[in-house]
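The values are calculated or read from the model by the stated rules, or taken from the named source; none is laboratory data. Keep in mind that this is a model prediction, so the values were computed, not measured. Glycine also receives a Cβ, built like all others from the backbone with ideal geometry; neighbour counts cover every protein chain displayed. SASA here: full protein model, heavy atoms, side chains in, ligands and nucleic acids out. Shrake-Rupley method; radii C 1.70, N 1.55, O 1.52, S 1.80 Å.
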Amino acid sequence: MRLVFGLTGSGFVGWIAYRKSSLSASGAWSAVLMGTAFIVLGGPFWFGTLLAFFISSTFWSKWKKRHRAKAEAEANYAKSGRRDAGQVWANGGLGLALCAAYALWPEPALQFAFVGVMAAVNADTWATEIGAFSRTAPRAVLTGRRVPPGTSGGVTALGAAAALAGAAFIGAAAALLASADAAPQPGA
């Protein structure tokens, strides 16, 4: 039953994301495979946390897409626009490996590691998408020198605050999902 639900739910999410130009064809197929695996191997906590990342990051990626500051920053991004299979697996692959490990060996530390991984990828996306609106030029994380917006490794106070908010968002979503998952079921 989980397989059917996984394919149906992930297929719907992948199709919508493809139609809204959030995912390329390869990204949509990868999202369907990954989402189905999260549901089959892990269940609502795992899939819900992944979905919280995907929906929130997609929102910020689309937010003010045509704004001048965002367009200038995106001109320097290595990749922009539709997320492809490589980006889907880069953001969710380690989380899926942790989910699979948990299915074999239900150690709570694996859930905490998963939340940490998803918080990190969400923080990165929020920092990139929101940090593009900073009114101050970013500074290179290694040298402290000012760099053009969109430069890899460039940080701003706005981007750092967005990263913190993105990580906290995943932590809150995971906590809600974990408490719902642990709630007594009717008739039990």
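Mind giving me the FRET efficiency for PHE112 and MET1? R0 is 30 Å, r the Cβ-Cβ distance, nearest 0.05 is fine.
Efficiency for this residue pair is about 0.60.
Using the scaling law 2.2 N^0.38 Å as the reference, what is the normalised Cα Rg of the chain? Show your work: numbers first, answer last.
Working: Rg = 17.5 Å, N = 188, 2.2 N^0.38 = 16.1 Å.
Ratio of Cα Rg to 2.2 N^0.38 Å: 1.09.
Can you tell me the accessible area per residue over the chain, all protein chains present, probe 1.4 angstrom, in square angstrom? If you can, show how the numbers build up before the last one.
On the way: 10590 Å² over 188 residues.
It amounts to 56 Å² per residue over the chain.
In the P(r) worked out for the range 101-183, what percent of Cα pairs fall beyond 16 Å?
For the range 101-183, the share of Cα pairs beyond 16 Å comes to 59 percent.
For SER30, what is the net charge nearby, where nearby means another residue's Cβ is under 13 Å from its Cβ and Lys, Arg count +1, Asp, Glu -1?
On the way: positive: ARG82, ARG83; negative: ASP84.
It works out to a net charge of +1.
Please sort by residue number the trypsin sites (Lys or Arg not before Pro) in the range 76-156 whose DSSP state is loop and whose Cβ has at most 12 other Cβ atoms within 10 Å.
Qualifying residues, ordered by number: LYS79, ARG135, ARG145.
Let me spell out the model: positive unit charges on the Cβ of Lys and Arg, negative unit charges on the Cβ of Asp and Glu, origin at the Cα centre of the chain. What dipole size does that give, in debye rounded to 20?
Rounded to the nearest 20 debye, it is 920 debye.
Tell me, what ³J(HN,Hα) does each residue in the range 32-40 have, in order and in whole Hz, if you take phi through Karplus 6.51 cos²θ - 1.76 cosθ + 1.60 with θ = phi - 60° and put x for Gly and Pro?
3J(HN,Hα) across the range 32-40, in whole Hz: 5, 4, 5, x, 4, 5, 4, 6, 5.
So what is the calculated 222 nm ellipticity per residue for the chain, using -39500 (n - 2.57) for each DSSP H run with n of 4 or more, over all residues, to the nearest 500 deg cm²/dmol?
After summing the helix terms and dividing by the residues of the chain, the value is -23500 deg cm²/dmol.
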